[in-house]
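Quick notes on the structure that follows.
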């Protein structure tokens, strides 16, 4: 009796190979789902409320999801980060780490919409680079499933919801956005996000939310102090105003003077993509106001152009400037006109 033998894989009939490929397609397609983040949420190293948070993902960001476990979905976060804010590493199979002390923004495109905030030390894999100093990066982690909505799904339909009326479980980064509240403990008060603390609020202090920037909120509170503990501020100049406030409420700040410390990046010339500036105007691209990691366009007078030409990249400038536009047409970037500039020495 002749022993049976199986044909080598390359000799299998074409129809058999085709059936095998078709059978594999549904499994691959089901493994990857594109989601939109329905509310700002923590990006964690593994599933679970107690797992270490690596950063935050902004509302509206689009991500690719795969496995789901214990109410969390594994997602791949991809975007662009400023090249000077990352450094090479060989830790845990990654090739980049965020080295900015206060963390850095992740953007949908170079200098584009913010889709996340990455903590200092955040490990990443590089995808590509452009000629303007931006790096495209990728990282896989976990996010609470109720914060995700499949792309194409109706608003309010979130991943992991058992019924349309089910209330999602509370998380430390989600839930409805408050306009008023009380502090949950003795908390530090900061003049700007990620900046040094300037005071403290006791437990159950009532506050009103004025603006948001990532996981930070600017608050107003009321109380009493002795009049002898006050001094006049600079006449007509607003102190402690964040870029997030200006872009969120442009009409409240346009035409007002602000005092900001910014980091000089480069000297540029306005074109049709910067309609908020006179054509051909010279302006400084700067980061800030520090320690914020966004950008600001600073329109310069001729004498100030000479000052900027002498600056080294990343030099810090203390400036008084008038807000020309709370946000540019194509990017949420404040445009200001410099009134007074001075270099901040270490």
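Just so you know, all these numbers are worked out from the coordinates, no wet-lab data involved. It should be emphasised that the depicted structure is a prediction, and the values quoted were computed from it without experimental measurement. Glycine also receives a Cβ, built like all others from the backbone with ideal geometry; neighbour counts cover every protein chain displayed.
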task = Find the all-direction average of the projected area of the Cα convex hull for segment 33-150, expressing the result in square nanometres with one decimal place.
result = 6.8
message = Taking 35 Å as R0, compute the FRET efficiency from the Cβ-Cβ separation of residue 119 and residue 272 and round it to 0.05.
response = 0.40
request  = Using 0.36 nm per residue of separation minus the Cα-Cα distance, give me the extension gain between residue 227 and residue 187 in nm, one decimal.
outcome  = 11.9 nm
request  = Can you pull the one-decimal nm distance between simple spin-label points at residue 67 and residue 307, each 7 Å off the Cα toward Cβ?
outcome  = 5.6
key: segment 33-150: relative contact order as a whole-number percent, Cα under 8 Å and 6+ apart   = 32
inquiry  = With 10 angstrom as the radius, rank 80, 134, 224, 142 by how many other C-beta atoms surround their C-beta, starting from the fewest.
reply    = 224, 134, 80, 142
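In nm, what is the difference between 0.36 nm times the number of residues separating residue 220 and residue 256 and their Cα-Cα distance?
This chain segment gains 11.0 nm when fully extended.
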key: Two-site label geometry, residue 198 and residue 131: point separation in nm, points 7 Å out along Cα→Cβ   = 4.2
inquiry  = How would 50, 266 line up from fewest to most surrounding beta-carbon atoms within 10 angstrom?
reply    = 50, 266
task = Between the alpha-carbon centers of segment 40-99 and segment 253-329, tell me the distance in whole angstrom.
result = 31
query = Simple spin-label model, 7 Å along Cα-to-Cβ: residue 90 to residue 339 in nm?
reply = 5.4
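What's the Cα-based Rg to Rh of segment 89-130, Rh via Kirkwood?
Numbers: Rg = 10.8 Å, Rh = 11.1 Å.
On the Cα set of segment 89-130, Rg over Rh gives 0.98.
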ask   = Could you put 46, 74, 292 in order, starting from the residue whose Cβ has the fewest other Cβ atoms within 10 Å?
value = 46, 74, 292
